Structure formats: structure tokens, C-alpha cells
Amino acid sequence: MTDFLANLSLGFSVAFVPTNLVLAFLGCLVGTLVGVLPGVGPLATIAMLLPITFGVDPVGALIMLAGIYYGAQYGGSTTAILVNMPGEASSVVTALDGHQMAKQGRAGVALAIAAIGSFFAGTVATLLIALLAAPLTRVALVFGPTEYFSLMVVGLVFAVVLASGSVLKAIAMILLGVLLSLVGTDLETGEERMTFGLSMLSDGIDFTILAMGIFGIAEIMRNLTQTDNRDVIRQHIGRLLPDKEDFRSSCRPVLRGTALGAILGILPGSGAVLAPFASYALEKKLAEQPGRFGRGAIEGVAGPESANNAAAQTSFIPLLTLGIPPNAVMALMIGAMTIHGIVPGPQVMTKNPAMFWGMIASMWVGNLMLLVINLPLVGIWVRLLKVPYRLMFPAILMFCCIGIYSINSLPTDVMLIALFGFVGFALIRMGFEPAPMLLGFVLGRLLEENLRRALSISRGSPATFLEHPISASLLMVAAVLIVLAMLPSIRRGRDTAFTE
Amino acid sequence: MRIVRVAAVAAAALWMSAVAVCAEGFPERQITIVVAAPAGGPTDTFGRIIAESLGKTFNQRVLVENVVGAGGLVGSRHVASSAPDGYTLLLYNTALTSLPAFLKAAKDFDPSTALTPIGLINEAPFVLVSRVDFPSSGPGDLIARLRDDPASIRMGHGGFGGGAHICGLLLARALKAQPNFVAYRGAAAVMTDILGGHIDLFCAQTADAINNINSKSVKGFWVTGPARLNQLADLPTIAEAGISGADISAWHGLFAPAGTPAETVKVINSALAKTLQDPAVLSRFESLGATPVAVDRRSPEALGKHVKAELARWKDLVAELSVEQE
Amino acid sequence: MKTDRPTSNSKARLLPIIQDQNFAAGLLLVAIAISAYALTRDLARPSNGVGPATLPEWLSLALGVSGAALLTAAIYKPGVRFERAMLRGPALIILAVLMFASTIRGVSFAGVSIPGLGLLFAGPVAIMISGYASPDVRFDQLLGLALGLTAFCMLLFGDLLNLPIPILPQPLVDLLPASWSAKADLRLSAAALGAAAVLILVAWPNSTRRSST
């Protein structure tokens, strides 16, 4: 315990150095800006800004880069809530109820609760890292391909819960999402699968492009064909900040989301992706009226946003202690660390205690700054919604095009968003929901790769999934979840499950 | 009014392009280095370091553009079809030579004729590592085990036709024993599972291997280069361990489209040579675990020869092991 | 994401099967399943274990089954009417995106080559086309937005964020004095666009009359 306090105070003494505070602030600001722009992700920004940080000392540089990362995560939620354009897997869930809230004139409340929930989750996760970073690292390594496969199965079951309409259609969408994720060159044999021989598909479909098309562009097309609800958002703009009732209903989702996110974030590779989905599924299961979800339930924003931020924090654990990057942004951070002469790995904690604890403390500082930056911005964002839709959507479209183009500098990527936009539009008109498909897409590739890896390691024996205890218990959880998800529809009778 | 302006622009453009033809000083505008790998990866890091330094030497803006796709084929093709004027360059790695052998879509792409070599940047061998509790006492024992029951040994690699995969295939050919290959997406994921003890062997990149061997979280067996590494002096080279014909090094090189004037290539090559002596660049290389290529291998000709030799080698390897699809 | 339901008692009304939403949905799924199956026919199938074709095969089978279930549902239990949508909006949106994509860097496709015009042209073109997807479009406002927003984006993406996006067409760059840096070219043209936008919004005859939508 004394260690813990000593470490934290060392950390804060580093984080509160004025230059580091300024760098954290700048990072969060740039990150928020970049995150708000649809398509432009933190990855591109960090890559662009990396050379600028060469002149700064390593701790400061990493603090700034970490700030960009959180900022972008938060900024992405803003876009998801305001215009239904999730730029990252994590904000898909936020878009579900967040955008509905915006349509009901509660954009301010949604944005504010997202900021507050994220801050709370960030605080808890920071403390958790400071307390348990070293022992948690070993837990992360227990997860091999076998365990990840079973974890992905659980994730796909969450996707069923995500849907608010027909269960059958939701399952079909998940299957379609998984199928789409398999497009591209096969990892094991190098064969091209379902690419029509097009080189633009040989690396698979980019998540951002799919999400922008299926959610964002399709939403614009849908609004343009529905004359009645086009300017519904600017009709009434309610309170900017949540009231007592909002706080009361989002208090527990925030707590649960934080716990879920903190646990899933530790798993290197793919845990953090699951966090917001898991939290949404959990809240919907626990809610007294699950029917409110998908129609602007504040719990559906508060829980996943907290889970997401907690996971974003704890995913620094495998990075700092093992040197394992859980995602592309983190891989870039490792690149930045090595460029600055710090070798990530178990030694970091003992060799560079000032850097290690300084970064952890600055995570919390960064979260505080995000709150400081974003709460005043809520008013501005909401005012932006007053722009007439006939001017708003061309602007959104242009930001989208530029953002997508800037990812790979490929005009064909931009063309793909038009295609996916129309596909999404058609799917919506046939009563399909895009969210389960996106989750299927996110998890699909991991599902297949880990399945094949696990079978390859076990030399083809499927029993391996039951022989590994963690994997076996995860599969049990999945089975229980399926039964729970099916129960209401079985009770209601099969007919209702098919039609509504 | 509009038409007049358009005409003026067109006329001016014609005049300018005529001027460009007889221009003597390269470079007189912004240069783009196309990196055929995603932003943030190791190749991209090299690209940005080189771009910054070249920009200083030329006193021009040198932009890095990531053109990603099909294992680098998209970016390489993009540069190959650009104007051969030295203003669009390609920075890429070992994959450039393995693409035509391993990827069906790259069959008709020949980097040795589609691109003009400018110069190698760095070369680094792989280090064969295993999980820390892998029951093998050393190189000799490992070779015996591989010969004995190769299918029981799980060897990870970071992608079909990538450096670690080729490294494993070369080993399989030399020993006539194919280990059980497990495919991952990127080297970091393989290292994670080596650390977690889920798989047995991996040809790791130098920097990664040095860190993990020093912290005793993995075991090292040999180095796949022609000489031992300073930082791991007690690890033998693969030849010393008794395996011949299985040496491989990862490299990064700079290319221009085929048909780029020799003068321009020379200008860029000497700027690159200057970069590889810049202390700021060298210190960044060192922190990445990279060493600049030996002085006698810095000429465009050396890179050209290297590319041709590798292309032939991988083609033979694929044919002999029939790993190729279809 | 609810679809429009014509009347509350639509279930009671007898719908022709062709117009049932589930019928269309089921057909789509079956079509996807068949094409996915066909597309993976040529993949290697290892005699034992899971190969590259295994999962796509399972998935197309499962998708086909779901599609069949939806078709059955449509036949036995009439659902929501699948209404034909006005496609003018979506078509213009698609056209706008395609125009942006093909003019930003230039493409050569099937013998036709479009020159790279950069954001300076691709931006306004995309905005002008997409703007007409809305029935209550106003030319002056849209033109002002197209020029103003393009100027803003040039500064934001090109100058501030330094993204490698083509800003100006090469002929125009050649036209400008070679001694100017790329950044100066960019800022100058952005300023010109911005000024034009302000001019249009202020001086256009109708722009003072605010529409009430």
C-alpha cells in the first residue's frame, strides 16, 4: 500500500510538470478534433504527429500521444451521437441510443453523460492499473487462441442481444457480418477469398469504410427519403446537461460498464473491442423495460461509454508491462517509445519508474482534461445541429469522403462507402439492423483466425475448446446467454419472433 | 470569363511542362515517398525517418504517403506506374521480393524490371526463439527434435509469405522436415503467444528478440544472418549451427519507377548515403534495433542485384516445397 | 432504425407475398448465400481440419437457412409492406461520392482517364451534386457552403493536420510562382475560395430572404 502511494505520488509529480500538462492538453484537444471528424482516426494522426514529438522528451511525447488516443475515442462518440457516424468499433454501440437521444432533443444530455461516465471509468481504471498492473499482466498471457475463440463466441451472442427487432433477422445480420469479415487474402494459405479478383478487396474490407457506409451514408439516404422526419433534430433542443433523473438511471450502468471494461481491456489483442458491446448487452438484459433500448435509453450510452474508456485505459497494461500492443494505435505508441529509447517490456516499471508512473498519472490527467474540454463543447456541438439538414448532409458527406480518402489514399475506398451506403439503405428498408452486422464483422476475423490457430495447435482436435478450463467456462456463458436470449421469444411464441 | 481562365491555365501548364523537360536541378518541388505498409508499422517508421532527413538534404518538402493493400502490391504498383521523374519514390521491405512468389495476384509483377533501385537502407537478420519452457537444450537438440517429429513443433509466423514464414520454410527445406505452421496477423501477435507459451518457435525480428532474450522471457537458438549479433554474442549463426542455405535478412530499400534518369537516381542515392551517416538518424536507427546497411552495399546496383537474387531464391523455395496455392 | 409501417393493423390486411418486407429480405439472404458459396468453390479444401473455405461454407449454409425461414414466414404470416422508396436522393448521394472519388487524385478506368483535380475541385463538386438530393435545395446557399467548406477543409486537413490529400490540380500548381511553397499555394487558394463564398452569401440577390424550413 505504501508502494502504491509512493508510486502514485511519483507519477503525479511527473504528470503535473507544466510542460507535460500542456502536452496532455494539446494531445486531448487534437485527439478530440480528429475523433470528431468522421473517418480520420487516431492512427493516421499519431503517425503524422510522431515526427513533431521527436523534439520533446520521451515522457512528454508519450503523454501527448496517449492524449490523442483518448481524445479521439471521445471525439468519435460525439460524431456517433450527433450524426450517427461511428468511426470506430467502440462507438457503434454509442450511436445506437445516443443518436436516438439526439433526435429526441437530448443530444446535450447524451454527450454530457458520455463525458462524465468516461471520466469516472477512467479514474477507476487508472487506480486499478496503479494497484494491479504487474499481477494482471500474467493473467493476460493465459489467453491463447483457444480462449480467444470462445471469447469471440460469447461476443457474437451479445450481438443477438444488441438487436431490438426480429431475432432471426439479427442472427442473419451477424452471419453476414462474419462473412464480410472473411473477404480478403486468407492468412494461412494466402488464397484470395470472395474478392472478385479485385486488389482493393485483397486486404479485406476496412472497418471504418463499412461503418461509415452502413451507418452514416445509409442514414443520410434514409433521411432524404423520409420527408417527415428530416429536420426533426432541430425542432427542439432540450437541456444541455443531465438532470437528477438522468444521473440516477445512469449511475449503475456506469459502475457495471467500468468493471466490465476494465477486465476486458487487459486482454491483449481484442478484449477492448468487446467492452462496449458487452456492457450494452448487460444493461439491456438487466433493464426493466428492455424495449426502450435502441430508442434513446440513457443507460445504453452511459454503460458502453464507461466500458469503452475503462478498457482503453487498462489496455495500456499489456503495452507497458509486456510490450504487446493490443491495437494498431498502441503499436504506434510502442514505435514512439522505441524511437525515444524506451524498450517496452517488464523492465519498464523498474528501469523507468518515472516514465511508467508518470504515464499512468497522466492518463487520469488526460481524462480530467477531456471532461474540461468536452463539457463546454457540448453546447457548441448541439448548436451545430441547428444547421438546416439540407446544408448539413452535404457537409457531412464531404468530411466523410476526405476522412476515408486520407486513411489509405485510395479513391476506391471512397467509392466503397457509396456502395456500402446503398447496401445499408436497402437493408434498413428490409427491416434489418446494421449494428449486429458490424459486431459480427468486428469479431468475425478474430473468430476464424483463432479457431484455425487453436485447431492447428491442437493438431485438429475440437475437444481443445472444452479441455481448456477458461475456454470451457466461456462457452458455458455463451450457452446460458443464448438460452436467456431465446426465453422471451419462446414464451411469446415463434410467430412473434419471426415478424417483430 | 471562365473559358478564358481555363485556356490560360492550360496554356501555362503546357509551358510549364516544357520548362520541366529542360530543367536541370533535381529536386525542384515536393517529393512523395510511398510507403506500401500501413501508418505506424516498422516500415512506416523507417519511411518517416528517411523522409525527414531527405527533406533537410534537398531543402524540399518530402511527404510520406501510405498506399496499402495486397501485402504491398498496391503501393508498389502505384509507384511503378508513376512518372519516372524521381518525385514519386517507393520505400518498402523484404515483402517486395516475396510477393511475386507467394501471391497469385502479384504473378505478373516483377520488381526487378518495374522499379529502378536507388539504395538499401538497412539489413537485419532474424533470431530463432522459442517459448521459455520449450524442452530443448540448444541448437543441436532442436535440430534433432525437428527432424524427429516436426509436426509436434508449432512454429508461428506473422503472415503468409512474410519474413518469418519464409524463414521457417527455409528451415523446413534445409531439414526436410516441415513444422506445424500457425499463422498470425503481424509479428507482435506471434510474440504474445510465444510469451504465453501457446506456440513453440518463431523467427523474431532482431530488436524484439534481443529484448525478450535479455529479460529471459524467451529462449534464443541462432541468428539467420551471415554474422553473429553484437548484442547476442553467444548465439551462433544458422550456418554455425549446421544448417546451410537457410540464411535470411529483413531489409528496407528505396526505389523509383523504372525508367528514372540515371542522373536523378544518383542524386537521390547520394542524399540517402548522407542520411545514413546523419548522427540523428543513426541514433533513431539504434533505438529501433536497426543498423544501416554496410557501406559497400549502398549503391543502386547492389540493391538491384539483391532484389534479383531474392526473387529467384523465393521462387525456387516455393516451387520445391509446393506451398504455393494452385 | 425502425422501418415505416403503413398502418397499425397491417398484419390483418392480406398482403401480396411479393410486397412483403420479409419476402424481399429472405430473397436477399438466399442470394447472398448462393453467391458466397459460389465464390468460395475454388478454394483449397484440406482433407481434415478447417481450411480457408470451411467457415464461408458454414456461413453461407446458415444464411441460406435464415433466408428460407424468412421466406416461409412471409408466406404464412404476412408482415410489413415493403414500400418502394424515392431513389432520387440516394442516387445523387452515390453520384456525389463517386465524383469526389474520381476527381480527387484522378483515375483511369476502361480507357477513360479523369485528371486529378484535388480537393479544390472535388470538394465543391461533391457538395453541389449531393445538395440536390434534398428537395428544398437553395442554389445560392449551397454554392456558398461548397466554396466555404472546401476552403475550411483545405486548411484543416491539408495545412493543420498535414494529411497527404491532393489539394490543388497540378497544372494550377505549375501556374503559381515556383518560389512559393506548397503551403503558401494552399493558403492562398483557400483564402480565394473563402472570399468567394462570403461574396456569394452576402451579395446573392435572394440570400437575405431566409427560407423557413
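Within the stretch A:444-458, track down each residue that is polar (S, T, N, Q) and touching a strand residue (DSSP E or B) at 6+ places or on another chain (Cβ under 9 Å).
Passing the criteria: only A:SER456.
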Inset, instruction - Could you tell me whether the stretch A:282-297 includes any residue that is touching a Ser or Thr at 6+ places or on another chain (Cβ under 7 Å), in a helix (DSSP H, G or I) and crowded, with 24+ Cβ neighbours inside 10 Å? - result: no
Inset, instruction - Could you look through the stretch C:83-95, keep only residues that are in contact with a Phe, Trp or Tyr (Cβ under 7 Å, 6 or more places away or on another chain) and at the interface with chain A (Cβ under 7 Å from one of its Cβ atoms), and pick out the one that is nearest to A:MET212 (Cα to Cα)? - result: C:ILE94
Inset, instruction - Within the stretch C:118-128, identify whether any single residue is under 22 Å from A:GLY403 (Cβ atoms), within 14 Å of chain B (Cβ to nearest Cβ), without any contact (Cβ under 8 Å) to a residue 40 or more places away in the chain and open to solvent by 60 Å² or more (accessible area, probe 1.4 Å), and answer yes or no. - result: no
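Return yes when A:THR189 is open to solvent by 10 Å² or more (accessible area, probe 1.4 Å), within 12 Å of chain B (Cβ to nearest Cβ), without any contact (Cβ under 8 Å) to a residue 12 or more places away in the chain and closer than 22 Å to B:GLY162 by Cβ and no when it is not.
Values: open to solvent by 10 Å² or more (accessible area, probe 1.4 Å): yes; within 12 Å of chain B (Cβ to nearest Cβ): yes; without any contact (Cβ under 8 Å) to a residue 12 or more places away in the chain: yes; closer than 22 Å to B:GLY162 by Cβ: yes.
Yes: the conditions hold for A:THR189.
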Inset, instruction - Look through B:ALA294, B:ALA319 and report the one residue that is open to solvent by 40 Å² or more (accessible area, probe 1.4 Å), more than 13 Å from every other protein chain (Cβ to nearest Cβ) and over 22 Å from B:THR43 (Cα atoms). - result: B:ALA319
Legend entry - Which numbered condition A:LEU368 fails, given (1) open to solvent by 20 Å² or more (accessible area, probe 1.4 Å); (2) more than 24 Å from A:GLY184 (Cα to Cα); (3) facing another protein chain (nearest Cβ under 7 Å): (3)
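On the basis of being in the same structural domain as C:PHE152 (by TED's automatic domain parsing) and out of contact with any helix residue (DSSP H, G or I) (no Cβ under 9 Å at 6 or more places or on another chain), does C:SER102 make the cut?
Here the answer is no, as C:SER102 does not meet what is asked.
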Inset, instruction - Check the stretch B:216-233 and report whether any residue there is in contact with a Lys or Arg (Cβ under 7 Å, 6 or more places away or on another chain) and touching a residue at least 40 places away in the same chain (Cβ under 8 Å). - result: yes
Inset, instruction - Look at A:LEU438 and say whether it is part of a helix (DSSP H, G or I), hydrophobic (A, V, I, L, M, F, W, C) and within 20 Å of the chain's Cα centre (by Cα). - result: yes
Inset, instruction - Evaluate the stretch A:467-486: report whether one residue or more is open to solvent by less than 40 Å² (accessible area, probe 1.4 Å) and within 14 Å of chain C (Cβ to nearest Cβ). - result: no
Inset, instruction - Could you look through the stretch A:487-500, keep only residues that are surrounded by fewer than 12 Cβ atoms within 10 Å (Cβ to Cβ) and among the aliphatic types (A, V, I, L, M), and pick out the one that is modelled with the lowest pLDDT? - result: A:ILE490
Legend entry - Residue in the stretch A:84-125 that is modelled with the lowest pLDDT, counting only those that are open to solvent by 10 Å² or more (accessible area, probe 1.4 Å) and not in a helix (DSSP H, G or I): A:GLY87
Inset, instruction - Tell me, yes or no, whether the stretch C:158-169 has at least one residue that is within 22 Å of A:GLY35 (Cα to Cα) and among the polar types (S, T, N, Q). - result: yes
Inset, instruction - Report yes if B:GLY163 is more than 10 Å from every other protein chain (Cβ to nearest Cβ), small (Gly, Ala, Ser), over 24 Å from C:VAL50 (Cα atoms) and surrounded by 18 or more Cβ atoms within 10 Å (Cβ to Cβ), otherwise no. - result: yes
Inset, instruction - Hey, can you tell me all the residues within the stretch A:126-147 that are among the polar types (S, T, N, Q), under 18 Å from A:PRO318 (Cβ atoms) and crowded, with 22+ Cβ neighbours inside 10 Å? - result: A:THR126
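Looking at this structure, is B:ALA241 open to solvent by less than 30 Å² (accessible area, probe 1.4 Å) and either farther than 28 Å from A:MET333 by Cβ or part of a helix (DSSP H, G or I) (or both)?
When the stated conditions are applied, B:ALA241 passes them.
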Inset, instruction - Considering (1) at the interface with another protein chain (Cβ under 8 Å from one of its Cβ atoms); (2) open to solvent by less than 30 Å² (accessible area, probe 1.4 Å), say which one A:THR412 fails and leave the rest. - result: (2)
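Going by what's in this entry, would B:ALA250 be described as closer than 26 Å to A:LEU187 by Cβ and touching a residue at least 60 places away in the same chain (Cβ under 8 Å)?
yes
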Inset, instruction - Output yes when any residue across the stretch B:133-150 is of a type in the set (A, V, I, L, M), open to solvent by 10 Å² or more (accessible area, probe 1.4 Å) and away from every other protein chain (no Cβ under 11 Å), and no when none is. - result: yes
Legend entry - Pick from the stretch B:47-65, criterion under 18 Å from A:MET337 (Cα atoms) and open to solvent by less than 10 Å² (accessible area, probe 1.4 Å), ranking: farthest from the other protein chains (Cβ to nearest Cβ): B:GLY47
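Based on this model, can you work out whether B:ARG173 counts as closer than 21 Å to A:PHE143 by Cα, charged (D, E, K, R) and assigned by TED's automatic domain parsing to the domain that holds B:SER130? Can you show your working first?
Numbers: closer than 21 Å to A:PHE143 by Cα: no; charged (D, E, K, R): yes; assigned by TED's automatic domain parsing to the domain that holds B:SER130: yes.
The answer is no for B:ARG173.
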Inset, instruction - Evaluate the stretch B:69-86: report whether one residue or more is open to solvent by less than 30 Å² (accessible area, probe 1.4 Å), of a type in the set (Ser, Thr, Tyr), closer than 22 Å to B:ARG284 by Cα and more than 9 Å from every other protein chain (Cβ to nearest Cβ). - result: no
Inset, instruction - Within the stretch A:373-388, track down each residue that is under 17 Å from A:ALA72 (Cβ atoms) and open to solvent by 30 Å² or more (accessible area, probe 1.4 Å). - result: A:LEU377, A:TRP381
Legend entry - Scope the stretch B:252-267; condition in contact with a Leu (Cβ under 7 Å, 6 or more places away or on another chain) and of a type in the set (A, V, I, L, M, F, W, C); matching residues: B:LEU254, B:PHE255, B:ALA256, B:ALA258
Legend entry - Residue among A:MET200, A:MET194, A:MET173, A:MET212 that is under 30 Å from C:LEU87 (Cα atoms), more than 12 Å from chain B (Cβ to nearest Cβ) and surrounded by fewer than 24 Cβ atoms within 10 Å (Cβ to Cβ): A:MET194
Inset, instruction - Residues being at pLDDT 90 or above and assigned to a helix (DSSP H, G or I): count how many of those fall in the stretch A:171-209. - result: 11
Legend entry - Output for the stretch A:389-398, where each listed residue is at pLDDT 85 or above, facing chain C (nearest Cβ under 8 Å) and surrounded by fewer than 24 Cβ atoms within 10 Å (Cβ to Cβ): A:ARG390, A:LEU391, A:ALA395
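The values are calculated or read from the model by the stated rules, or taken from the named source; none is laboratory data. Just so it is clear, the model here is predicted, and its values are computed rather than measured. Please note: Cβ atoms are built from the backbone with ideal geometry, for glycine as well, and neighbour counts cover all protein chains shown. Side chains included, ligands, DNA and RNA excluded: accessible areas come from the protein's heavy atoms. Shrake-Rupley method; radii C 1.70, N 1.55, O 1.52, S 1.80 Å.
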